1. Considering amide H positions built from the backbone, and no H for Pro or chain starts, which residues 5 or more places from Ala75, or on another chain, come under 5 Å of its amide H?
2. Which option, (i) 52, 33, 24; (ii) 47, 30, 22; (iii) 41, 35, 27, is the value of semi-axes √(5λ) of the Cα gyration tensor in Å that was calculated from these coordinates?
3. Got a sec? Charge dipole of the chain, +1 on Cβ for Lys and Arg, -1 for Asp and Glu; which of Leu367, Thr453, Thr233 is way out at the positive end?
4. Hey, got the dipole for the chain? About the Cα centre, +1 on K and R Cβ, -1 on D and E Cβ, debye to the nearest 20?
5. Quick one: grab Rg to one decimal and Dmax as a whole number for region 315-355, Cα atoms only, in Å.
6. Whole-Hz Karplus ³J(HN,Hα) for region 413-422, in order, using 6.51 cos²θ - 1.76 cosθ + 1.60 and θ = phi - 60°, x for Gly and Pro?
7. Could you calculate the FRET efficiency of Ser122 with Val718 from 1/(1 + (r/R0)^6), where r is the beta carbon distance between them and R0 is 56 Å, rounded to 0.05?
8. How big is the Cα convex hull of region 510-646 in projection, averaged over all directions, in nm²?
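The values are calculated or read from the model by the stated rules, or taken from the named source; none is laboratory data. All of these numbers come straight from a predicted model, not from anything done at the bench. Glycine gets a Cβ as well: all are built from the backbone with ideal geometry, and neighbour counts include every protein chain shown. The accessibility values were calculated without ligands, DNA or RNA, using every heavy atom of the protein model including side chains. Shrake-Rupley method; radii C 1.70, N 1.55, O 1.52, S 1.80 Å.
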Amino acid sequence: MSVWCGLEDHMNRQTRALVTCVSLAAAVTAVLAHVDDPKLRDKQPPYVGPGYCSDGGIAGGPPIEFASNGVQLLAWIPVLDFDPGNTSSAPVEGYVTASGREYAIIGLSDGTGFVEVTNPGSPVIVEFIPGPDSLWKDVRVFQNFAYSVSEGGSGIQIMNMSQIDNGVVTLVGSVNTPSGTSEATHTMFINQASGRLYRAGGSGNGLRIYSLADPANPTHIGDWPDRYVHEVTVVTYTSGPYAGREIAFCCGGFNGGHVDTGLYIVDIDNLLDGNPNNGDPLLSYFQYSFARYSHQGWLSEDKQYFYLDDELDESQFGISSVTRVIDVSNLSSPSLASTFTSGSSSIDHNLYVKGNLIFESNYRSGLRVFDATDPTAPVQVAFFDTYPDNDSPQFNGLWDNYPFLPSGIVLGSDIEKGLFVWRVVPNALVIEFPDGNPPFIDPAGDSIPVTITQKNGELGPGTPTLHYSTGGTSTFSEVALVPQGGDLYHAVFPALPCGDMVHYYISAQTIDGVMVRVPLEAPAQTFQATAAISQTVHLDDDMEPNTGWTVGAPGDGATTGLWVLVDPIGTGAAPEDDHTPGSGVICWVTGQGTPGGGLGEADIDGGATTLTSPTLNAGGLSADAYLIYHRWYSNDTGADPNNDVMPVLISNNDGASWVTLETVSDNANEWVKKSFRISDFLPPTSQMRVRFVAQDLGSGSVVEAGVDDLSIVEYDCVAENPGDVNGDGVVNITDLLAVIAAWGVCPVPANCPADVAPIGAGDGVVNITDLLTVISHWG
């Protein structure tokens, strides 16, 4: 039995994962097939490192913290726990015995692992069956048998699980018929209704079809070789015009799936009955816009829609992770109904539908769960990020998931980290802002009303929390929400420096430890407000059109990727859209490629390229005047990533001299708002300029940058009449008497006008602090 680490029952911050408490050496072995596949380019060794152990001890350092929302981590078994020769994991499948015990079956680089998850918080590795060495595996179940295929060959491995409750799984053998066919397979599907197994892909193959009438000896019964098939979903219709027909939804195309990539719908009964008068079994072919590599998909439970993920559109077009919703109510004429996205830049990989929920494995952004109550407009409601480093469109992180076990637990397989066991509770708590999210927070102190409604979970006492950061730091301070009665709370902010950008989010937990946050992606995404009462905008440049920006400066040497003002064409490193809300389309970016071009087609090479603003007038403005802009920066891909920076400079003498405003090194791969108080760097004048120096100075790497929406604003940070209890515009004896009359604990804190201190927030008590606030603001 493997040594593994469990979890604390109730964790009051981000979910903490537990790894083995023994030292394991990472091993990387050769993988077979697909030698040009980008998955090999991005392949990393299996995770070996510090973890948080169930006995409270730390194994080698602090724990990994995984961002999550509505998903509780129950257990994690690393890749190497199954066998020290394993270097990765790929698919995961579930199995339930006649006794009701539940198991996870996970495809590993060197074989197949079997894990009992009946007690999901204490999984037990039952067996490991060796198999061909390959990164690409697939596992499926039919009756008491598990089947494994891989790009490494060996055809179909057959494993008998009839004695798994007794700790025994037996390798029956392997099948690779007909004679002479390739032993490699990319993926596999079993139609439980028809008892047919489908091998997809492998050495350029389409479909190879087998009968499981004898589950221990799959019998080859036919082929569909007309296209390469990467993944297939097969169903037997029980009603409607296709009742009784077995239909295959194939993701693929020509040339290994790269040419005419899309969805192919095939009538299997037509294919197999051998009647030449039936015509072409291909019912239809559908290609969507921005198609790069049709990868996998799944039907809605009513069989009206097919949800499809494309594996290369994010990296090739620079778009967010997009899932296509294809209307397949008419199998002969499918059409695009809509698309939806998590907003992440990661690659969407394998997805499944259970009830009204869609479970997506999205590589570097982990498990994404969508509510498809409206099947054409799914909304993300939960997630668990197994790759905390970033969401770049690269092939690491979560490969697969399985949400179909009767207990409701969800299994996940991560390439580097192994098997995850989760409990998913979307909408456990509903956190809302009844008055909305204010653009400003009173710098003297402020409060925002928050409601927390129990929906699919019970609120844990004392868990509602405000998290906020200021001054551009990524460190969040925590303040307990103040109960106001019922579902109402106040998020109370302390006094803050005038003009500071405030990032904040709200969290709460259920009594059994399910974390809920708003925004959903917090802390990676937050609400934003400015510490001020109001603002005056003195300059607003949305870069549409060019207002006098210039490209080039002494010392520039870049040969490609010079700054251009365009409607950008995205890649995996460059933005697809500008930042300007609404009708804006134009921004400054470093180079413009072609649609579908490669990652580094137009990035910076050979040196620096400089973008300089026109003269900006900040003359006569107060010390609370701020320069604000939105920037894009990416340098985390290529042969030598993360070794370049982008200096941003500011001048108050029309460019005669410059001082550094910031040195950008964070690879956000998204538009980032930056705000700087001008007087912290230089006295504001009528001769201000700002300069962005994007550069590729080291060895080859992909460097992309962008600039949009620059403004100069002046903040007003003094509240009017903060001691005006009765709101008549004057602070006088009437307000003083109102404070004395309300002295003591406020019966209804949300409606206690005499509670004026802290300013803008109150503390639920009328006392000497409130009296002094009235006196200090007299008049």
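1. Correct list: Val421.
2. (i)
3. Highest projection toward the positive end goes to Thr233.
4. Details: 29 positive and 91 negative charges, 288 e Å.
Result for the chain is approximately 1380 debye, rounded to the nearest 20.
5. According to the Cα coordinates of region 315-355, Rg and Dmax are 12.4, 33 Å.
6. Listing the rounded values in order: 10, 9, 3, 8, 9, x, 8, 10, 10, 10 Hz.
7. Values: r = 59 Å, r/R0 = 1.05.
Using R0 = 56 Å, I get an efficiency of 0.40.
8. Details: hull surface 54.5 nm².
For region 510-646, the mean projected area of the Cα convex hull comes to 13.6 nm².
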